[in-house]
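Colleague: Take a look at the following structure, please.
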Amino acid sequence: MGSIYLIRHGQASFGAENYDVLSPLGFQQSAALGDYLDQLGVRFDRCVSGELNRQQDTARATLARMGHHPTDQPPTIEIDSAFNEFLADEVIRAHMADLLAVEPDAMQIFGNASNHRAEFQRLFSYVIGRWVSGEHEKEGLESWQSFIDRVQGGLNRLLDQASKKDRIAVFTSGGTITALLQLIIGVPPIKAFELNWQIVNTSLSRLTFRNQDVALASFNSHVHLELLKNPELVTYR
């Protein structure tokens, strides 16, 4: 039986002009994950990342802390856009006119999200609910179903290319992990997103597979952060 380790990227730059940059804390979280996996003796046969900087930088920082036998070569980081996050900014913009009808301060809240975290989460949850429902499609915006199909394609490629006992790391994002949860355990999308809000930066969720059969073995493990006994290391954005 093989394993796919779904690893959410480290803390990015929430509220900054460019979110797709690992924060110093994100690098620290990634190093902690690498140290923990090294202590467990985990070795990856393959390592796959989405295209985003925060995903690839998490992969590099994690692998750099994992020891390798002198005769071994660490796996090359393969890039597959199927594991990119959905474009949250575009989802928000596409639904903004509808949102302003019920929340006149939405532009201000989204424009200064780092100072309005609770309000941002409330409004973002509302927008996500509209998006995943499939009842409010917007021209030019990737739909939830299209996102699911994209992620399914990435999973299918992994399984098609895998040997039966491979350990495969996938460095990705919370939304992508949410899509995979829906595909594997069959929860409704809005319920899957209730799990999404709990996914910790650099957490591990493990899938097991035999041929094309996939099962969820564990979800959102972040013991590598808890062992350091620093609550500030446990973040969600």
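Colleague: In segment 184-230, which residues are farther than 16 Å from Q11 by Cα, among the aromatic types (F, W, Y) and modelled with pLDDT under 95?
Modeller: Once the filter is applied, which keeps residues that are farther than 16 Å from Q11 by Cα, among the aromatic types (F, W, Y) and modelled with pLDDT under 95, segment 184-230 yields only F193.
Colleague: Okay, next question. Given I177, I184, I199, which one is assigned by TED's automatic domain parsing to the domain that holds Q28 and farther than 20 Å from L22 by Cα? Give the steps one after another, and end with the answer.
Modeller: On the way: I177 fails: farther than 20 Å from L22 by Cα; I199 fails: farther than 20 Å from L22 by Cα.
Result of the check over I177, I184, I199: I184.
Colleague: When you go through L40, L33, L22 one by one, which is the residue that is of a type in the set (A, V, I, L, M) and within 14 Å of S173 (Cβ to Cβ)? Break it down stepwise before answering.
Modeller: Working: L40 fails: within 14 Å of S173 (Cβ to Cβ); L33 fails: within 14 Å of S173 (Cβ to Cβ).
So the residue among L40, L33, L22 that is of a type in the set (A, V, I, L, M) and within 14 Å of S173 (Cβ to Cβ) is L22.
Colleague: In addition: Which of the residues spanning segment 63-107 are part of a helix (DSSP H, G or I), out of contact with any Asp or Glu (no Cβ under 9 Å at 6 or more places or on another chain) and not aliphatic (A, V, I, L, M)?
Modeller: D89, R93, H95, D98
Colleague: A follow-up question, please. Of everything in segment 165-196, what is more than 11 Å from the chain's Cα centre (by Cα), outside any helix (DSSP H, G or I) and touching a residue at least 24 places away in the same chain (Cβ under 8 Å)? Give them in sequence order.
Modeller: At the first step, the residues of segment 165-196 found to be more than 11 Å from the chain's Cα centre (by Cα) are 165-169, 181-195.
If we keep only those that are outside any helix (DSSP H, G or I) as well, we get 165-169, 186-188.
Once the filter is applied, which keeps residues that are more than 11 Å from the chain's Cα centre (by Cα), outside any helix (DSSP H, G or I) and touching a residue at least 24 places away in the same chain (Cβ under 8 Å), segment 165-196 yields K165, D166, R167, I168, A169.
Colleague: Does at least one position in segment 29-48 carry a residue that is surrounded by fewer than 18 Cβ atoms within 10 Å (Cβ to Cβ), modelled with pLDDT under 95 and either closer than 19 Å to T176 by Cβ or assigned by TED's automatic domain parsing to the domain that holds S114 (or both)?
Modeller: No - not one qualifying residue is present in segment 29-48.
Colleague: Another question, then. Of all residues in segment 14-50, how many are closer than 21 Å to A162 by Cβ and assigned to a loop (DSSP other than H, G, I, E, B)?
Modeller: Total satisfying the criteria: 6.
Colleague: Okay, next question. Determine whether segment 143-158 contains at least one residue that is among the hydroxyl-bearing types (S, T, Y), farther than 18 Å from G2 by Cα, assigned by TED's automatic domain parsing to the domain that holds S221 and outside any helix (DSSP H, G or I).
Modeller: Applying the first criterion (among the hydroxyl-bearing types (S, T, Y)) to segment 143-158 yields 143, 146.
Adding the requirement that they be farther than 18 Å from G2 by Cα leaves 143, 146.
With the extra rule that they be assigned by TED's automatic domain parsing to the domain that holds S221, the set shrinks to none.
Scanning segment 143-158 turns up no residue that is among the hydroxyl-bearing types (S, T, Y), farther than 18 Å from G2 by Cα, assigned by TED's automatic domain parsing to the domain that holds S221 and outside any helix (DSSP H, G or I).
Colleague: Evaluate segment 120-128: report whether one residue or more is surrounded by 14 or more Cβ atoms within 10 Å (Cβ to Cβ), among the small types (G, A, S), under 19 Å from S173 (Cα atoms) and touching a residue at least 40 places away in the same chain (Cβ under 8 Å).
Modeller: Going through segment 120-128, the residues surrounded by 14 or more Cβ atoms within 10 Å (Cβ to Cβ) turn out to be 120-121, 123-128.
From what's left, among the small types (G, A, S): 125.
Still in the running and under 19 Å from S173 (Cα atoms): 125.
So of that shortlist, the ones also touching a residue at least 40 places away in the same chain (Cβ under 8 Å) come out as 125.
Checked against the condition, which is being surrounded by 14 or more Cβ atoms within 10 Å (Cβ to Cβ), among the small types (G, A, S), under 19 Å from S173 (Cα atoms) and touching a residue at least 40 places away in the same chain (Cβ under 8 Å), segment 120-128 yields at least one hit.
The values are calculated or read from the model by the stated rules, or taken from the named source; none is laboratory data. This structure is a prediction, so every number in the text was calculated from the model and none was measured. Here Cβ is always computed from backbone atoms with ideal geometry, including for glycine, and neighbour counts include all displayed protein chains.
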